[in-house]
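Engineer: Below is one structure. I have some questions about it.
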Amino acid sequence: MNTKIKLALLIASSITLSGCVGSNAVTEKLMGFNVKVVDNRYARAGVNFLLSPVYGFTLLSDVFVVNSIEFWSGTNPINGKTHVFDSKTETYIEVNDKVDSSLHDAPIDPLTMTEPDNGTIRYLDENTIEMEVVLSNGESSKVIGVQEGDTISYYIEGQLVSRTTLDALEKEFSAS
C-alpha cells in the first residue's frame, strides 16, 4: 500500500472513529418517539421491536455523522449537549497542564443554525451576479457568480468555491 493510501485511510479512520462516543441524539429522538406512542411498557417493547431496523439507521447516523460533529466541535448539533469527553470531572490522571492549551478543547467551533434575515441579488453586468444574505445575527455573506461561456463560477471573498454548467442548472431547476 502506498503512502498516500495509508494517509487517506488514517485520516478517514480518525474522523469516523471519533464519532463512536457521543450523546447519540438521533437515536435519542427515536427513543423519545417510541415512548410517546403508547403508555404500556409491553406495547412499548413491541413498538421498539418493530422500530429495530430504524434504530440501526439512527445509530449509524449517530456514530458516523452526528457524534463525529459533536466530537470535533464539542457540541452535539441536534441536542446542544457538550461532548462527554469535555465533561469537567475529577480524573485519575491529569495531563492538561502538560500539553498545549490548544489540545484542551474541541478544535472546531460548534455548528449553529442561524436563520437568514434577508437577501439581495444585484446584477453587476450581463455576466456577473452578486448575491448577499444577511443572517439574523447580523453577519452577512456575499457570493459572486460569473458566467464564462456555458460555465458559471462562484466566488466568496474572491476565492473560487464552486463551478457548474448552465445545463446542470437547467436540469436541477426543471426537475423541481
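The values are calculated or read from the model by the stated rules, or taken from the named source; none is laboratory data. As the structure is a prediction and not an experimental result, all values here were calculated from the model. Backbone-built Cβ (ideal geometry, glycine too); neighbour counts: all protein chains shown. We work out accessible area using only protein heavy atoms, side chains counted, and drop any ligands, DNA or RNA first. Shrake-Rupley method; radii C 1.70, N 1.55, O 1.52, S 1.80 Å.
Engineer: Can Ser153 be described as among the hydroxyl-bearing types (Ser, Thr, Tyr) and either closer than 30 Å to Ile78 by Cα or more than 26 Å from the chain's Cα centre (by Cα) (or both)?
Structural biologist: no
Engineer: Among the residues of segment 125-144, is there at least one that is under 24 Å from Glu28 (Cα atoms) and among the hydroxyl-bearing types (Ser, Thr, Tyr)? Working first, answer last.
Structural biologist: Here is the first cut: in segment 125-144, the residues under 24 Å from Glu28 (Cα atoms) are none.
The answer is no, given that none of the residues of segment 125-144 is under 24 Å from Glu28 (Cα atoms) and among the hydroxyl-bearing types (Ser, Thr, Tyr).
Engineer: Quick check on my filter: what residues within segment 102-127 are small (Gly, Ala, Ser) and either at pLDDT 80 or above or surrounded by 10 or more Cβ atoms within 10 Å (Cβ to Cβ) (or both)?
Structural biologist: Pass one, segment 102-127, residues small (Gly, Ala, Ser): 102, 106, 119.
Within segment 102-127, Ala106, Gly119 qualify.
Engineer: Here is a follow-up. Sort out which residues of segment 46-59 are open to solvent by 100 Å² or more (accessible area, probe 1.4 Å) and under 25 Å from Lys81 (Cβ atoms), and write them in order of number.
Structural biologist: Narrowing segment 46-59 to residues open to solvent by 100 Å² or more (accessible area, probe 1.4 Å): 49-50, 57.
Answer for segment 46-59, where residues must be open to solvent by 100 Å² or more (accessible area, probe 1.4 Å) and under 25 Å from Lys81 (Cβ atoms): just Phe57.
Engineer: List every residue pair whose Cβ atoms sit under 6 Å apart, with the two residues 6 or more apart in sequence or on different chains, where the first one lies in segment 60-88 and is at positive phi and the second, anywhere, is assigned to a helix (DSSP H, G or I) and among the acidic types (Asp, Glu).
Structural biologist: Listed pairs, sorted by first residue: Gly74/Asp86.
Engineer: Quick one: is Glu90 outside any strand (DSSP E or B), more than 30 Å from Gly32 (Cβ to Cβ) and modelled with pLDDT of 85 or more? Lay out the reasoning, then the answer.
Structural biologist: Values: outside any strand (DSSP E or B): yes; more than 30 Å from Gly32 (Cβ to Cβ): yes; modelled with pLDDT of 85 or more: yes.
So Glu90 fits the description; yes.
Engineer: Only one residue in Ala12, Ala43 is surrounded by 10 or more Cβ atoms within 10 Å (Cβ to Cβ), modelled with pLDDT under 85 and assigned to a helix (DSSP H, G or I), so which one is that?
Structural biologist: Details: Ala43 fails: modelled with pLDDT under 85.
Checking each option against the conditions leaves just Ala12.
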